[in-house]
Structure formats: C-alpha cells, structure tokens
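S.K.: Sharing a structure below in structure tokens format, with a few things to ask.
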C-alpha cells in the first residue's frame, strides 16, 4: 500500500503541536511492513511556504493510492491535485467557532475551502470523539465517514522524574510552588484567566508562581516565569518540575499537553469541557465550564498538597500511545481501499 502524507508542518520545524502528531504518526507508520510511505512538508519559509501556494506547488502525489492530509487546512489541496483516495485528520474546528482568531486573508481562504474538502474526503480521522461530534454538528458530515483515532504520548520520553532533579536541570527554585501552563494565546485557550488565578492562589501560597511555556509566546505580569524555548527532551522535566498543570482552555480538539502532564504524574486542573473529560477520564476532579477564578484557585491549592506523582494519571495516560495511533490509522487506510 503506497501512502503519501501531506503535512501542515514546514521543513525543519520542531515537534510542537500538530507537527508532533505528524512526525510521530510518520514514525509509527514507517515501521509497517506493508506500507510504503512518503511525506511532503511546506517550504521552510517565504511566500511559497504559505498554505494557499503550498496547495498548488507542494502537495502533489505520484503513484500513491492514498493521500493523507494530516491537518484539516491541507485538505483543499486535494481539490486541485485529486488523489485516488483522500484521508483527512481533523484536529479541531475552533476557527469556525472563534472567528476572531481568523485574522488574515490566508486563514480566511483556508477555512472557507476546508469544509468543502472535508466533504469530498473518503474518510475523516477525528482526534477525539468531541472533534467527531463537532464535525457532524457544524459541517453535517455523516458519522459513518468519521473515525476517532486519538493522539498518543511517547512513554519512553514522558515519565516522572524527581522534582528536585527536574528543577535543577531547568534552573528553577527549589522552594517555589510552580503552576505550569503550556499554551498559545488564542482566544479559546483563555490564558487571560491565569493572572487572576495566581493572585488568588498566592493568598494561601505566597511563594506560588506561574511557569508559562509554549508557542514562543510570553505572559507578562508579576509572579510569572516565562520559560522561553523548551526542547522536547526537556519537556518531561518541565512537567515534573511543576506542582500543578493548569489548563484553562474552553475548547480543545484533544489537549496533548494535558496527556503529557498526566504521563509525568503531574496533577491537572482543567475545565470539564470539550475533549478534556475524554482524555482524563475519572482520574481528576475537573472544574465546571463556567467556574469562577476562585474555583480554579481552590482546585489548584488542593492539588498542591500532593507531593508525589499521581499513579492514576500515569496509568490513564498509558491508554494512549503513538503506536496505537499508528495501528488505528492503518485500519483507516485499509477501510478506504475496500
């Protein structure tokens, strides 16, 4: 079976966000004895690396019978270079709900054509049941056309390490209580909640601080430590160094940082919304969608009283793996060829 992956990531990009999914999926699928796999990424930089031009000049295929667009806005390329079979991974539909996040012409063009491309796909992979429900609700695509294949976590890399060792490696204070967030600043991530939350927490724990990582974006204000770039190798140390992982987002297609924190045994405080309950299961007491700042702070204070990695979170995280993602994706490929 010959398959071509059309990736949203640029050449040379690090394994962050969707790029991590693309690289780990390619790695797992490459180990399959009966799949010949190729991979196409966008140009590293410049105008020709833009998504609309990449539809024309990058995303092509040869004799591959299946093209897999591994991100939803790559899919419109199939309207130009029509593959025999098209599989598309949909991570979320946030820009169709939070339209203020679509700020430039390129993104508006991408999202104007993406629904049409998804309807033309032979099979859609949703990274969570929540995302599948959103696809049927917003785009009216039949459930029978959508297969849920969860993302995974690399358990050889993401596992607990002693907090003292983690903090020493990252140059963090031993006596400070750290609340970690790994997030972009997009509207639906609700990072604006972080500052009032830390102020409430500090009423009980004056030594508490926020550790902010992710997407090269900084969070300004008192009691906030912006980590700067953290390599993939050091991310497990970052999770292990934290006393609590905070995830204030109100809309997630999957929530990979939540899963990575769980794999490191770090207590999680997150909203009971979107895909988060699907990932966490019954291993954490989630915060209601409309929870107040004080409620968030109270849950964080409660979790800060735990000094050891939580085995129930680690056990739950082992239900998700990139190997499983690869196996289930391969089953999707087989189904479209039947």
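S.K.: Condition first: under 24 Å from the mean Cα position of the chain (by Cα) and within 13 Å of residue 269 (Cα to Cα). Now tell me which residues in the range 288-309 satisfy that.
M.R.: Just the residues of the range 288-309 that are under 24 Å from the mean Cα position of the chain (by Cα), to begin with: 288-291, 296, 299-300, 303, 309.
Correct list: 288, 289, 291, 296, 299, 300, 303.
Yes/no matrix, rows are residues, columns are (1) without any contact (Cβ under 8 Å) to a residue 60 or more places away in the chain; (2) under 28 Å from residue 315 (Cβ atoms); (3) surrounded by fewer than 19 Cβ atoms within 10 Å (Cβ to Cβ); (4) out of contact with any helix residue (DSSP H, G or I) (no Cβ under 9 Å at 6 or more places or on another chain):
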position	(1), (2), (3), (4)
148	yes, yes, yes, no
152	no, yes, no, no
156	yes, yes, yes, yes
159	no, yes, yes, no
172	no, yes, no, no
175	yes, no, yes, yes
181	no, yes, no, no
185	yes, no, yes, no
199	yes, no, yes, no
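S.K.: Another one. Do we find that residue 98 is in contact with a strand residue (DSSP E or B) (Cβ under 7 Å, 6 or more places away or on another chain), at pLDDT 95 or above and assigned by TED's automatic domain parsing to the domain that holds residue 139 in this structure?
M.R.: Working: in contact with a strand residue (DSSP E or B) (Cβ under 7 Å, 6 or more places away or on another chain): no; at pLDDT 95 or above: yes; assigned by TED's automatic domain parsing to the domain that holds residue 139: yes.
Spelling it out, it is not the case that residue 98 is in contact with a strand residue (DSSP E or B) (Cβ under 7 Å, 6 or more places away or on another chain), at pLDDT 95 or above and assigned by TED's automatic domain parsing to the domain that holds residue 139.
S.K.: For residue 77, all conditions in the list (1) surrounded by 16 or more Cβ atoms within 10 Å (Cβ to Cβ); (2) under 22 Å from the mean Cα position of the chain (by Cα); (3) closer than 22 Å to residue 253 by Cβ hold save one; what is the number of the exception?
M.R.: Answer for residue 77: the failing condition is (2).
S.K.: For residue 326, work out the one condition from (1) buried (at least 16 other Cβ atoms within 10 Å of the Cβ); (2) assigned to a loop (DSSP other than H, G, I, E, B) it doesn't fulfil.
M.R.: Among (1) buried (at least 16 other Cβ atoms within 10 Å of the Cβ); (2) assigned to a loop (DSSP other than H, G, I, E, B), residue 326 violates only (2).
S.K.: Something else: Is it true that residue 303 is at pLDDT 95 or above and not in a strand (DSSP E or B)? Can you show your working first?
M.R.: Values: at pLDDT 95 or above: no; not in a strand (DSSP E or B): yes.
No: the conditions fail for residue 303.
S.K.: Here is a list: 194, 244. Which entry is farther than 19 Å from residue 264 by Cβ, surrounded by 19 or more Cβ atoms within 10 Å (Cβ to Cβ) and assigned by TED's automatic domain parsing to the domain that holds residue 267?
M.R.: 194
S.K.: Now a separate question. Pairs please, first residue from the range 281-303 and under 13 Å from residue 208 (Cβ atoms), second anywhere and assigned to a loop (DSSP other than H, G, I, E, B), Cβ atoms under 6 Å, 6+ apart in sequence or on different chains.
M.R.: Between residues of the range 281-303 that are under 13 Å from residue 208 (Cβ atoms) and residues that are assigned to a loop (DSSP other than H, G, I, E, B), the close pairs are 301/204; 303/267.
S.K.: Find all pairs meeting these conditions: Cβ atoms under 6 angstrom apart; at least six residues apart or on different chains; first residue within the range 74-95 and outside the structural domain of residue 107 (by TED's automatic domain parsing); second residue surrounded by fewer than 24 Cβ atoms within 10 Å (Cβ to Cβ).
M.R.: The qualifying pairs do not exist here.
S.K.: If you don't mind, another one. Taking the range 285-303 as the search range and keeping residues that are touching a helix residue (DSSP H, G or I) at 6+ places or on another chain (Cβ under 8 Å) and under 20 Å from residue 238 (Cα atoms), which one is surrounded by the most Cβ atoms within 10 Å (Cβ to Cβ)?
M.R.: The selected residue is 300.
S.K.: Do the conditions hold for residue 86, that is, is it buried (at least 23 other Cβ atoms within 10 Å of the Cβ) and within 28 Å of residue 132 (Cα to Cα)?
M.R.: Yes: the conditions hold for residue 86.
S.K.: So residue 53 clears everything in (1) farther than 16 Å from residue 124 by Cα; (2) touching a strand residue (DSSP E or B) at 6+ places or on another chain (Cβ under 7 Å); (3) outside any strand (DSSP E or B) except one condition, right? Which one?
M.R.: So the condition that residue 53 fails would be (2).
S.K.: Going by the conditions given, is residue 216 out of contact with any strand residue (DSSP E or B) (no Cβ under 9 Å at 6 or more places or on another chain) and at pLDDT below 95? Steps first, answer last, please.
M.R.: Numbers: out of contact with any strand residue (DSSP E or B) (no Cβ under 9 Å at 6 or more places or on another chain): yes; at pLDDT below 95: yes.
Against the criterion (out of contact with any strand residue (DSSP E or B) (no Cβ under 9 Å at 6 or more places or on another chain) and at pLDDT below 95), residue 216 qualifies.
S.K.: Does residue 164 meet the test of being within 29 Å of residue 315 (Cα to Cα), surrounded by fewer than 15 Cβ atoms within 10 Å (Cβ to Cβ) and over 19 Å from the mean Cα position of the chain (by Cα)?
M.R.: Considered against the rule, which asks whether it is within 29 Å of residue 315 (Cα to Cα), surrounded by fewer than 15 Cβ atoms within 10 Å (Cβ to Cβ) and over 19 Å from the mean Cα position of the chain (by Cα), residue 164 comes out as yes.
The values are calculated or read from the model by the stated rules, or taken from the named source; none is laboratory data. These numbers were taken from a predicted model, which means no experiment stands behind them. Please note: Cβ atoms are built from the backbone with ideal geometry, for glycine as well, and neighbour counts cover all protein chains shown.
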